[in-house]
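First comes the structure, then the notes that go with it.
The values are calculated or read from the model by the stated rules, or taken from the named source; none is laboratory data. The model shown is predicted, which means the values in this text are computed figures rather than measured ones. Positions of Cβ are backbone-derived with ideal geometry, glycine not excepted, and every protein chain shown enters the neighbour counts.
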Amino acid sequence: MLKHVSFLTHDLNAALAFYERLGGVTEKNLTTGEGFRRGVIRLGEGKLQFFEVPGEQPRPHSHWAEHIAVHVKGLRDLLPRLREAGVTVTRDLHPSPGGRDMAFVTDPDGRQVELLEAD
């Protein structure tokens with residue numbers, strides 16, 4: 001079973017705030033013994049871990065095929081709020097192959113995030 005996925009970030013606070021808007025809950029926001037800021041956010045049963053490493057610039061690929069997928073409730077209401085908060089929508093609201101609402105946005109580091117309406 002997958003425990004977590006870990007990414008570099010240029011701004012830990014912005015990354016945690018973004019995923020909290022999607023329904024995530026921050027479990028850790030601390031500085032490691034090596035001096036790196038580390039945050040862990042729970043999204044449903046999974047976790048994302050972010051390390052803010054000085055001098056490291058994350059370079060996620062901008063293509064939609066490389067992405068994080070997140071189930072959210074009330075996507076039709078959430079998407080305008082994300083836009084108002086300055087989040088870039090890269091694929092607007094449309095039906096998924098299974099018929100649910102879906103959209104793609106980018107997180108503060110430019111990673112593609114698929115938002116899929118939860119059951």
Would you be able to tell me the number of residues in region 85-119 that are under 15 Å from Tyr19 (Cα atoms) and not in a strand (DSSP E or B)? 9
Within the group Val70, Val113, Val87, which residue is farther than 16 Å from Asn13 by Cβ, touching a residue at least 60 places away in the same chain (Cβ under 8 Å) and among the aliphatic types (A, V, I, L, M)? Val113
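Looking at Gly39, Gly23, Gly44, which is the one that is touching a His at 6+ places or on another chain (Cβ under 9 Å) and at pLDDT 90 or above?
That would be Gly23, the only listed residue that is touching a His at 6+ places or on another chain (Cβ under 9 Å) and at pLDDT 90 or above.
Scan Pro60, Pro108, Pro97, Pro54 and give me the residue that is within 10 Å of the chain's Cα centre (by Cα) and at pLDDT below 95.
Details: Pro60 fails: within 10 Å of the chain's Cα centre (by Cα); Pro97 fails: within 10 Å of the chain's Cα centre (by Cα); Pro54 fails: within 10 Å of the chain's Cα centre (by Cα).
Pro108 is the lone residue from the list that is within 10 Å of the chain's Cα centre (by Cα) and at pLDDT below 95.
Hey, can you tell me all the residues within region 74-89 that are more than 17 Å from Ile41 (Cβ to Cβ) and either surrounded by 15 or more Cβ atoms within 10 Å (Cβ to Cβ) or charged (D, E, K, R) (or both)?
Step one: list which residues in region 74-89 are more than 17 Å from Ile41 (Cβ to Cβ), which gives 74-77, 79-81, 83-84, 86, 88-89.
Leu75, Arg76, Asp77, Leu79, Arg81, Arg83, Glu84, Val89, listed by residue number.
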Inside region 1-50, counting only strands (runs of 3 or more DSSP E) that do not spill past its ends, which hold 2 or more residues that are in contact with a Ser or Thr (Cβ under 9 Å, 6 or more places away or on another chain)? 37-43
